[in-house]
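A short worksheet on the structure shown next.
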Amino acid sequence: MSKPDRFHFWFACWVISAVLLALLGAFKAPVHADGNALLQTQGTLLQRGSIHYAGVAQVGDLAWNPSDPPIELPDVWNNTQPNFEGQALYKFRFDLQADKPVPDAIFLPRVVMNAHVFLNGSKIGGYGQVTGELSRYWNFPLMFQFSTALLKPTDNVLVVQVAGYKNYRSGLGRVWLGPTSAIEPLYCSAFRWQVTGSMLATLVALGAGLLLAFFSRYAASDQGLLFLGLAVLTFALRNVGYFTTWAPLPHPIWAEAVHSLHAWFVCLYGQFLLRYIRHPSRLLRGTLWGYAVLVTVATFALSGRDILQFTLFVLAPVVPLFFILNLMLLRHAWLYRDMEATLLGASSMLFVLLSVRDLSIMVDALPIESVLLSQYTGIALFGSGCWILLKRFSVMFRQLQDVNQSLNSQLSLRERQLMDQFMKIRQIEQQRTKDEERRRIMQDIHDGVGSSLVSALNENESRPLSRDEMTTVLQDCLDDLRLAIDSLDPQSDDLLALLGNFRWRYERRLRLSGIELHWRVRDIPTLKGYRSRDLFDLLRIVQEAFGNILKHAKAQAIELSIRPLDGRDRLELCIRDNGCGLPADRIQAGRGMAHMATRARSLGLVLEYTEGLDGQGFGLRILIPIQRQA
């Protein structure tokens, strides 16, 4: 079977199923007043008796009175006693029958509004108030049990006191008398159909309405799901009256509000259907809004008079319009092979047909005891709406997954591109670092070894250098070269390690020169913010100071000390000798001293000149911040 053929097959199945269910509801719905096989054999149907109408019933009215007019159940006051409001006493006479069990229970399938029951002058039970603001037991089946001691062999009098409002289809359905074992199953079945089922249907409608209203903002606005959610909530609010025994407002106002909700449900659901099938007619939409407003105003203007008959008259004309809208929905489903529209149309068709069936109870085409079914079809209708919502979100979820997959692909591509760029930049930085290191080494060799060699060459051209002088020059060059090599050490960012290496390089030279080295170095905090090149420049200052002492001071001892200072935020590095000292004019004019000062300023160090050892010689004090400022 091809795909179009499969769709047409399921379309026909759903529509035919809706029609068949509607026919079953119309002709096969339970009427509990007819009883069941057990009750028909063991119980007694009380259908004929007499009636006494009274504003407020008196105790003396409970006795059998032959002058009371006869009555046949079911009885609706709108038909038999128009405009009556108050209490009616339904009286039945019966005898015990030898071929049936002794009765001990009474079953009232339908009472509008409340009922109290008396047997041979004794009250055996009641539901709701019978005076003042009445309770609302109109949709509740009632069951009363009593003691068989109250019964007489003959001439038993059963009185059902019914309290109701005028023009509200108040009255009494047929009455069953029989044993509890036969009546209780029928009562339980009626309670499930009329009360428990109403509660479940209302809860389903309430949940579906809230779900649709909440998530409608995430769906396409032209689908009108918000109107469907509001229609479902309106339907749920209307259904509350099926199982609540109290009203939050006085009876007339509550009746007007509940019955105006019929019109608002039709309006909101019609708005949804028009938007769902994308019908362009603004006239139909405006007509539905005007209809809801007009019915609401007219309902409240009646002030509760003839409210049910009015509801019939205002709803009956809209049924054809609702039916036409539903046909338009089914046509839309057929043309576009839309399965979700088919489900919605079948559910809506079932709702329309069973609503017509329920309206027929109001015109006495069906017994007053008939179960109202349109509330149950609402479950299918609203289930279809939720299914539409879930399908919309499943489509949105798939689209979101596709977008996420696309974004992930783009993100992966971007990550690869960024990684490639990073590797290129890293290679460039590495190459730049190598180039800078080469330039630094070249500069150090040029400034150290090269400068020493050039100076020695110039001096040798002016006068030949002695062997000792040549040894000194070569030793200086060798020291500069070693210092440049030491700067390439990976541990060159450790000041103590650099100083220790410097000591190892210079100690032999000092010993050959007859100079004693006093090394006073303590553990110091790690310097922060200094590059290897910065520490190398600091070591250049130390080297320059040692070189000056070797060349000019004629000292016998040199002391190098380093320690934390001023709350451990600075280090103090001191170099002192006990030589001949250095005049102040030489300090200012010396090129080596100027180089040391320049290096110190570039590193943010403080360079001070102090006394030497034991008050003799020359001293150099360097203050080093532990944290270098950027």
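At an R0 of 35 angstrom, the distance between the Cβ atoms of residue 283 and residue 246 translates into a FRET efficiency of 0.25.
Within the chain, what whole-number % of the accessible surface is contributed by carbon and sulfur, with the 1.4 Å probe and all protein chains included in the calculation? Roughly 59 percent of what the probe reaches on the chain is carbon or sulfur. Of the residues 395, 409, 366, the one whose Cα sits farthest toward the positive end of the charge dipole of the stretch 346-423, with +1 on the Cβ of Lys and Arg and -1 on the Cβ of Asp and Glu, is 409. Indicate the gyration tensor shape class of the stretch 124-194 (rounded, prolate or oblate), computed on the Cα atoms with a ≥ b ≥ c the square roots of the eigenvalues: a/c under 1.5 is rounded; otherwise a/b larger than b/c is prolate and the rest oblate. It comes out oblate by the Cα gyration axes.
Stretching residue 509 away from residue 96 to a fully extended chain increases their span by 134.6 nm, per 0.36 nm per residue minus the current alpha-carbon distance.
When +1 charges are put on Lys and Arg Cβ atoms and -1 charges on Asp and Glu Cβ atoms, the dipole computed for the chain relative to its Cα centre reaches about 1040 debye.
For volume of the Cα convex hull per residue in Å³, computed directly from the structure shown, the correct entry in (i) 352; (ii) 168; (iii) 207 is (i).
Within the straight-line cut-off of under 23 Å between alpha carbons, the lysines reachable from residue 166 are 91, sequence neighbours fewer than 8 places apart in one chain being disregarded. Taking every protein chain into account, the 1.4 Å probe leaves residue 175 with about 0 Å² of accessible area, to the nearest ten.
As a rough guide to protection, the peptides 83-89, 243-249 ranked by mean Cβ packing within 10 Å, highest first, stand as 83-89, 243-249. Each label was represented as a point 7 Å from its Cα along the Cα-to-Cβ direction; for residue 8 and residue 54 these points are 7.1 nm apart.
Sorted on the mean count of surrounding Cβ atoms within 10 Å across their residues, most packed first, peptides 512-519, 343-350 read 343-350, 512-519. Each Cα pair under 8 Å and six or more residues apart adds its sequence gap; the mean of these over the residue count of the stretch 105-258 is a relative contact order of 26 percent.
In this simple spin-label model, placing a label point 7 Å from the Cα along the Cα-to-Cβ direction at both residue 403 and residue 569 gives a separation of 5.5 nm. The relative contact order of the chain, computed from alpha carbon pairs under 8 Å that lie at least 6 residues apart in sequence, is 10 percent. Taking 24 Å as the straight-line reach from the Cα of residue 391, the lysines in range (excluding those fewer than 8 positions away in the same chain) are 3. By the rule of a C-alpha distance below 29 Å, with chain neighbours fewer than 8 residues away ignored, the lysines paired with residue 424 are 434.
Which FRET efficiency value, to the nearest 0.05, do you get for residue 28 and residue 152 by plugging their Cβ-Cβ distance into 1/(1 + (r/R0)^6) with R0 = 60 Å? That gives a FRET efficiency of 0.90.
Assuming a ≥ b ≥ c are the square roots of the Cα gyration tensor eigenvalues, decide whether the stretch 241-298 counts as rounded (a/c under 1.5), prolate (otherwise, with a/b larger than b/c) or oblate. Oblate, because a/c is 1.5 or more while a/b does not exceed b/c.
When the charge dipole of the chain is built from unit charges on Cβ atoms (+1 for Lys and Arg, -1 for Asp and Glu) and taken about the Cα centre, the candidate among 481, 328, 565 whose Cα reaches farthest toward its positive end is 328.
Solvent exposure of residue 391, expressed as accessible area, is near 80 Å², computed with a probe of 1.4 Å over the protein chains only.
Here's the picture: charge each Lys and Arg Cβ at +1 and each Asp and Glu Cβ at -1 in the chain, and of 144, 206, 264 the one pushed furthest to the positive end of that dipole is 264. With R₀ set to 41 Å, the beta-carbon distance separating residue 521 from residue 419 gives a calculated FRET efficiency near 0.35.
Model label sites at residue 556 and residue 396, defined 7 Å from Cα along the beta-carbon direction, differ in position by 9.7 nm. With all protein chains kept in place, the per residue accessible area of the chain amounts to 51 square angstrom at a probe of 1.4 angstrom.
The values are calculated or read from the model by the stated rules, or taken from the named source; none is laboratory data. What you see is a predicted model, and the numbers here were worked out from it, not measured in a lab. Cβ coordinates were reconstructed from backbone atoms using ideal geometry, including for glycine residues, and neighbour counts include every protein chain displayed. Keep in mind that these areas ignore ligands, DNA and RNA; they rest on the heavy atoms of the full protein, side chains included. Shrake-Rupley method; radii C 1.70, N 1.55, O 1.52, S 1.80 Å.
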